[in-house]
Amino acid sequence: MSEDNTLADELQEAAARGMSIAVHAAHRPLQSAVKSNFGERNWSQLNAAANQLARLLRKRHVGHGHGIALLCRNRPQFIETYAANLRAGTRLTPINWHLNANEVSYIVNDCDAKVMIADATCPEVAAAVRKTCPQVELFLSIGGELEGYEDFDRAIEAESTADLEAAQLGISMLYTSGTTGHPKGVYRKASTQPPPFVVKVRESGALDPASHVSLVTGPLYHAAPFGLNMAVPLGAGVGQVLMDGWDAEETLALIDRERVSHSHLVATMFHRLLQLPQSIKDRYNLDSLRWIIHGAAPTPVHIKRSMIEWWGPILWEYYAATEGGSYYLDSHEWLKKPGSVGRPVEGTVAKVLDAEANEVGPEESGTVYFLAPDEGRFTYYKAPEKTACAYQGDYFTMGDIGHLDADGYLFLTGRSAETIISGGVNIYPQEIDDVLQQHPAVYEVCTIGIPSDEWGESVKSVVELNPEWEAQTNVADQLLAFCGENLPAYKRPRSIDFEVGLPRMPTGKIQRHKVRAKYWQGRDRQI
C-alpha cells in the first residue's frame, strides 16, 4: 500500500473520532496551520490546544451533546475551539459578534449552551450573557479580560497536550440569519459520512497539504467561511490565513505574500476587487491561485466574466444553504451557461414550484425546493413548528426564486421575501441591481419595492456612487436612462435615491430588508 493511501486511511479513521488535526500534527508538526492578526499556530500547537480545551471541558463536566457558544473574531482560538469540539463530542454554535446583547443571549439560551466563550472585544454582550443565560456553567474570555470570565489560554494551560483518549465526534449547529423572527439553529446528528456537497468541494479543490494555503476572507461564524473556507481545507491539512475584516487590496497582498491557492469570496468582493485601479492590480503576483469558490448571493454575469478574464477559469460557484441542497459548476461550464449556479450535486433533487405548489416547466420561474435526504435531514433545534413550515412534504425551500433550463442548470433571480409585486407582476430586484452595477457611476446598489397607492409597490433603486461621480448633477436621470436602455419597462426603477454606506452583513451581502424598512414605516408590508 502506498504512503498516500496509508495516510488517507489514517485520516479517515481519525476523522470519525474528530481527530484528523492530530494526524496532520504528527506528520507536519512545525508547518503553519493558522496565521492571523492575533497570532499564529503550527499544527503541533493547534492540536495541543485542542487536546487541552477538550480535557478542560471534561473536567468541568461538559461532554457528549452539550452546547458550546462561541462569540469570537477570526483568531487562532476560534479554530482551537472548533478542533476541541470535534473530538469532545460537544455541539458548537458560533455566534455573529455583530449582534446586540439581546440577540446573542437568545441564541446562547436557545442552543442550551453550558459553555460561553467570548471575545474580549465584545464586553457589553459578554456581560449581558452572564446575567441572562443561567444555564451556562463555564465562561471563558479570549484576547483579554472579561468580568466573570476565566482567561481561555490560562484555563487550558495546565491540561495535558497529549492526544485525547476516547475521543467522540462533535457537531456544529449554526443559526440562520432570517429577516423576520428569531434565528433558528440548524441541527443534524453527527455523521462520519460527509455530505455529497462537501465531497464535491474536496474533489474540485484537489487540496494538497504540502503546498496549498487557504485564505479565509469572511467571518468564521458564517456558514460558508466556516465550512468551505476553514473546515474543509483544515481537515485536508491545508493551513489557514485569517482576515479579520475584508479589504480588496489586502486580499491581493495576502495572496501574493502567503502564496494563497484557495479561498472563498462573494459577489460584492469580486465587484470591489474589479474596481481597484489597474496600477494596484498589477502590483501583486496572483499566480499561486488554484481554486476560488463563491456563492451566498447571485453574481452578476459581467462581474463574473471579468473575474474569469483576470484570474483565469479557477472559479467554482455553488448554491447551497445551511439546511442543505446544493448546485455546483466550474468556470468552463459557466461560460457555456452564463448566470447559472450549476447542476445538482449527486444526491440533490430539486424542483421549481409556482404559488399553488405546482411544478413548473423549463424557463418558468418559481420557488426552488430541495428533496430532503432520508438520512441526515435537518431540523430546526427545539422548533418542530418551524421545521414543519420549512417542508412541503419531503421537500424544503430557502425561499429562493429561480428557473431550470432544458439541460437542468439552475438560474436564480432573487428571494421570495425580496420580490417586488407591482400591479400584480413579480419583479426580482437582483435583476435590476445587475444592470445598474454595469454603469460606471455605481459603486453599490440595492433595488427595493416602496409603497404605491396605484400599483401596490413601485420600483426604487438606492445607489452608492463612486466618489468621482458624487459632484456630478443629473446622475439619477442618467441612471434612469441607462435602465431604460437595458430593462423592460415594467422592471425599470421609477426613482433613484443615493446613500453612503449601504447596510450589509459582515459577509458583504447587502441587507435589502434594512434598506427597504424606512420606506415602509407605518405600512403593513412585511419586511
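For (1) buried (at least 16 other Cβ atoms within 10 Å of the Cβ); (2) among the β-branched types (Val, Ile, Thr), each residue gets a yes or a no:
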position	(1), (2)
Asn5	no, no
Ala15	yes, no
Val23	yes, yes
Ala26	no, no
Lys35	yes, no
Ser44	yes, no
Val62	yes, yes
Cys72	yes, no
Ala83	yes, no
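State all residues of segment 151-172 that are assigned to a helix (DSSP H, G or I) and of a type in the set (Asp, Glu); if no residue qualifies, say none.
The answer is Asp153, and nothing else.
Anything in segment 406-428 that is modelled with pLDDT of 90 or more and either among the acidic types (Asp, Glu) or assigned by TED's automatic domain parsing to the domain that holds Asn474 (or both)? List them, or say none.
Asp407
Of all residues in segment 441-491, which are part of a helix (DSSP H, G or I), closer than 14 Å to Ile421 by Cα and under 31 Å from the mean Cα position of the chain (by Cα)?
Residue satisfying the conditions is Lys491 alone.
Across segment 87-103, what is the total count of residues that are modelled with pLDDT of 95 or more and within 17 Å of Val186 (Cα to Cα)?
Result for segment 87-103: 6.
I'd like the full set of residues that are surrounded by fewer than 18 Cβ atoms within 10 Å (Cβ to Cβ) and not in a loop (DSSP other than H, G, I, E, B), limited to segment 359-376.
Glu359 - this is the single residue of segment 359-376 that is surrounded by fewer than 18 Cβ atoms within 10 Å (Cβ to Cβ) and not in a loop (DSSP other than H, G, I, E, B).
What do you reckon, is Thr93 of a type in the set (S, T, N, Q), in contact with a Cys (Cβ under 6 Å, 6 or more places away or on another chain) and either crowded, with 20+ Cβ neighbours inside 10 Å or not in a helix (DSSP H, G or I) (or both)?
yes
Which members of segment 22-59 meet the condition of being within 27 Å of the chain's Cα centre (by Cα) and either β-branched (Val, Ile, Thr) or at pLDDT below 95 (or both)?
Across segment 22-59, the qualifying residue is only Val34.
Would you call Thr322 modelled with pLDDT under 95 and either under 26 Å from Ser214 (Cα atoms) or not hydroxyl-bearing (Ser, Thr, Tyr) (or both)?
Taking the combined requirement at face value, the residue satisfies it.
Might you let me know whether segment 195-210 holds any residue that is part of a strand (DSSP E or B) and either under 22 Å from the mean Cα position of the chain (by Cα) or not aromatic (Phe, Trp, Tyr) (or both)?
No, segment 195-210 contains no residue that is part of a strand (DSSP E or B) and either under 22 Å from the mean Cα position of the chain (by Cα) or not aromatic (Phe, Trp, Tyr) (or both).
If you check Asp433 against the conditions, is it outside any strand (DSSP E or B) and closer than 26 Å to Ser365 by Cβ?
Considered against the rule, which asks whether it is outside any strand (DSSP E or B) and closer than 26 Å to Ser365 by Cβ, Asp433 comes out as yes.
Take the residues in segment 444-477 that are in contact with an Asp or Glu (Cβ under 6 Å, 6 or more places away or on another chain) and not β-branched (Val, Ile, Thr); name whichever of them is farthest from Lys518 (Cα to Cα).
Ranking the candidates gives Glu444 first.
The values are calculated or read from the model by the stated rules, or taken from the named source; none is laboratory data. This one's a predicted model, so the numbers in the text were calculated from it and none came from an experiment. Cβ: placed from backbone, ideal geometry, glycine included. Neighbour counts: every protein chain shown.
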